[in-house]
Amino acid sequence: MATPRPLSRNSKPTYNRQDPAHLVVDPKWLVKVFSLTTLAAFVCAYLAMCFLFWQGSWQLVLHPGRNPSVKTGLPTKDVRFGPDQGGRPQLTGEFYATAGTGKDAAPTVLYLRPGDGQLDAHDAPLLQMLHDLGMNVLAFDYRGCGRSGQTPHPSEQRMQQDAESAWAYLTGLQGTPAHRIVIYGAGVGASLANRLAIEHPEAAALVLRNAAADVTGTVRREPRSRVFPIALLFHDRFKLDGLSTLAMPKLLIDAGPNDLGPEDRVRQDLYRSAGLPKMTVELPTGDPAGEQKALNRFLDDRTGLLPAAVLLPQLPSAK
């Protein structure tokens, strides 16, 4: 740095710009300034990236479809529910009804779908299978998906609120007795179904299909996530807490190829630790007929919901 000339007690500081010492800057000082500036820029950039990751981390788990013209193609009735503060319904779904009213009314399945895509023809085979078992089925799109309200984007908290809205619609406007409702969750929808069952133990049964049991672990293994503090920034965890103590009858389905990856092992451990009463079924080939038999046996043996006209032969391999 510039070096002033010695001053007398009463003189003011003056600098001679012709003096070479006036133009000398300490290199160590320059290095410190450059290092601190670079570090500050890096920290600001990293914090900005963390903020963007926090805002968009839901997209690592949820991949909604947003085509308002797509439907399942089944002979269902469109339903709308879940009003916002202005009274406008935000959730759109399909109700697949069977014959019968009053005491003869069929039980109803509340289907909570995975977090990919939207309610469409890919869901139709499962909805048809449940309907063929003599059950009503309510399936719907979460907010931010399909034909439901497009804002805000889906998140675990909002999807759980949507599940509660569907329950309120069935037990309220539809007048369905809670003990005649089967809560069915697939993928991340299994977490929503589990939480709904804990909040409403009066429901008839809980069915989980290919539960997404290790969402946080899946995100941690994502290469784009390894530089971020997941514990602080990732909040859509879709946990399955409380399954070990839930006393409701449970059917736990593991369908399709199983490569025993981390997700599969966590799901199998979760199913094994689930509390009684329960029935677990493994279908390595994803056999629809075997799944239908498992559902049939569970709903007949464990809940007694099915009418005798639809009962099928029991599935010996189910346990």
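The values are calculated or read from the model by the stated rules, or taken from the named source; none is laboratory data. Every value quoted in this text rests on a predicted model; they were computed, and no experiment measured them. Please note: Cβ atoms are built from the backbone with ideal geometry, for glycine as well, and neighbour counts cover all protein chains shown.
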Return yes or no: is Cys44 touching a Leu at 6+ places or on another chain (Cβ under 9 Å) and farther than 21 Å from Gly149 by Cα? no
Kindly provide the set of residues from region 51-79 that are more than 16 Å from the chain's Cα centre (by Cα) and part of a strand (DSSP E or B), ordered by number. Lys77, Asp78, Val79
Quick check on Ile230: is it of a type in the set (Val, Ile, Thr) and within 16 Å of Ala193 (Cβ to Cβ)? no
Qualifying residues in region 32-78 (those that are in contact with a Lys or Arg (Cβ under 9 Å, 6 or more places away or on another chain) and of a type in the set (S, T, N, Q)) - the one nearest to Leu233 (Cα to Cα): Asn67
Would you check if Gln55 is closer than 30 Å to Pro223 by Cβ and either modelled with pLDDT of 85 or more or of a type outside the set (D, E, K, R) (or both)? yes
How many residues, within region 91-107, are crowded, with 18+ Cβ neighbours inside 10 Å and at pLDDT 95 or above? 5
Just give me the residues in region 117-166 being among the β-branched types (Val, Ile, Thr) and in contact with a strand residue (DSSP E or B) (Cβ under 7 Å, 6 or more places away or on another chain), in sequence order. Val137
Where residues in region 127-140 are out of contact with any helix residue (DSSP H, G or I) (no Cβ under 7 Å at 6 or more places or on another chain) and in contact (Cβ under 8 Å) with a residue 60 or more places away in the chain, which of them is nearest to Ala186 (Cα to Cα)? Leu130
What's the number of the condition Ser69 fails, among (1) among the hydroxyl-bearing types (Ser, Thr, Tyr); (2) in contact with a helix residue (DSSP H, G or I) (Cβ under 7 Å, 6 or more places away or on another chain); (3) loosely packed, with under 12 Cβ neighbours inside 10 Å? (2)
Selected residue (only one of Gln55, Gln85 is among the polar types (S, T, N, Q), outside the structural domain of Met159 (by TED's automatic domain parsing), surrounded by fewer than 18 Cβ atoms within 10 Å (Cβ to Cβ) and under 29 Å from Arg147 (Cβ atoms)): Gln55
Report every pair of residues separated by at least 6 positions or lying on different chains whose Cβ atoms are under 9 Å apart, first residue within region 90-111 and among the acidic types (Asp, Glu), second buried (at least 24 other Cβ atoms within 10 Å of the Cβ) and at pLDDT 85 or above. Glu94/Leu119; Glu94/Val137; Glu94/Leu138; Glu94/Ala139; Glu94/Phe140
Just the residues that are at pLDDT 95 or above, hydrophobic (A, V, I, L, M, F, W, C) and in a helix (DSSP H, G or I), please, taken from region 127-161. Leu127, Met159
